[in-house]
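Below you'll find the structure, written out as structure tokens, and then a few comments.
The values are calculated or read from the model by the stated rules, or taken from the named source; none is laboratory data. It should be emphasised that the depicted structure is a prediction, and the values quoted were computed from it without experimental measurement. Don't worry about glycine lacking a Cβ; one is built from the backbone with ideal geometry, like all the others, and counts go over all protein chains shown. Heads up: the accessible areas ignore ligands, DNA and RNA and are worked out on the full protein's heavy atoms, side chains in. Shrake-Rupley method; radii C 1.70, N 1.55, O 1.52, S 1.80 Å.
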Amino acid sequence: MRYDARDSVPDEAGAGTRPPSATAPDGTPGAAAPADRQARAARLDRRTRAARLDRRTRAVRLGRRSVAALLLVSAIGVMAFGWPLLAAPTSGLAHSADAPWLFAALLPLLLAVVVAAIADSGLDAKAIAMLGVLAAAGAALRPLGAGTAGIEPMFFLMVLSGRVLGPGFGFVLGSVSMFASALLTGGVGPWMPFQMLAMGWVAMGAGLLPGPDRLRGAREVLMLAGYGAVASLCYGTVMNLQGWPYIGSLATGVSFVPGDPLAENLARFAAYCLATSLGWDLPRAVVTVTATLALGPTVLKALRRATRRAAFDAPVAFREPPPG
């Protein structure tokens with residue numbers, strides 16, 4: 001049989017060409033199989049189109065008011081977490097338990113303002129429906145660890161969702177998921193708004209990672225796994241700031257001392273984290289990395305497909321009905 005390069009067809013990987021089949025479906029040697037070539041070409045075409053559509057996936061866009069509201073809430077959140085380190089001993093703030101309660105009452109109101117602003121500019125009915133589904137999934141995943149050794153499988157879902165749907169959506173998703181899980185597990189208390197804010201930062205940070213339209217495959221999954229590990233450790237460290245001032249009356253080397261120099265209090269805080277929470281933060285990071293590596297490609301594909309079909313960035317147009 002004589003081979004002609006013009007009759008070659010692309011292989012499945014799209015990397016080159018190969019000769020056509022030398023055997024026909026009826027077993028006759030030397031005849032090509034057109035049906036086989038057409039089937040392979042169709043599969044290649046579907047894969048190419050799927051890859052192109054996957055790269056066209058767009059996150060939920062935010063308006064200027066939403067960005068300003070997010071920045072405002074984040075700034076107040078930094079104040080809420082770091083006020084003990086900055087309060088002067090003569091101000092009375094460092095010795096008062098009213099300040100944490102004030103922030104605990106204020107943060108849910110600010111988060112509600114953020115949700116309203118984002119809904120006004122970027123979250124339509126389809127996005128709100130997806131928000132509800134993902135928040136319910138995150139709230140259901142959190143109790144699976146039963147609070148044992150920091151095992152919280154919801155972190156990997158927050159990271160992947162923030163990556164696909166963007167920082168604004170991720171912030172709202174993280175906050176709503178933590179609020180729903182607190183109601184589900186009975187974990188409502190003065191720490192809850194701090195958990196909402198910290199989880200919102202975790203998901204928002206995933207949406208700010210580089211290459212949302214270009215980076216795909218194993219490199220993206222590895223990047224998200226690394227970010228999930230760092231975010232899990234940072235979440236535990238930030239949450240320690242919320243409870244650490246309450247042990248200021250204890251005469252230990254890890255207690256908060258109001259009015260002491262910032263460097264000394266930071267050294268005590270580092271010792272406090274190593275002594276109390278590192279055993280919880282490391283398992284959380286390990287679970288997040290493992291779940292991201294094992295389930296990341298499938299979950300990312302499902303989220304991007306749902307986002308693409310929802311077409312969040314498609315303009316809404318109202319047309320006049322045809323006459324008659």
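Can you give the FRET efficiency to the nearest 0.05 for Asp36 and Ala271, using r as the Cβ-Cβ distance and R₀ = 45 Å?
Numbers: r = 68 Å, r/R0 = 1.52.
For R0 = 45 Å, the calculated efficiency reads 0.05.
Take Arg305 and Leu293, extend 7 Å from each Cα along the Cα→Cβ direction, and tell me the distance between the two endpoints in nm.
2.5
Can you tell me the length gained on complete extension of the stretch Ala75 to Ala136, counting 0.36 nm per residue apart and subtracting the Cα distance? Mind dumping the intermediate values first?
Working: separation 61, 0.36 × 61 = 21.96 nm, distance 2.76 nm.
Full extension of this stretch gives 19.2 nm more.
What order, most packed first, do the peptides 209-215, 239-245 have when packing is the mean number of other Cβ atoms within 10 Å of each residue?
Values: 209-215: 12.1, 239-245: 19.6.
Taking the mean over residues of other Cβ atoms within 10 Å, the ranking is 239-245, 209-215.
Give the accessible surface of region 187-303 per residue, rounded to a whole number of Å², with probe radius 1.4 Å and ligands, DNA and RNA excluded.
Averaged over the residues of region 187-303, the accessible area is 45 Å².
Taking the simple approach of a point 7 Å from Cα along Cα-to-Cβ for both Leu86 and Val230, what is their distance in nm?
That separation, rounded to one decimal, is 2.4 nm.
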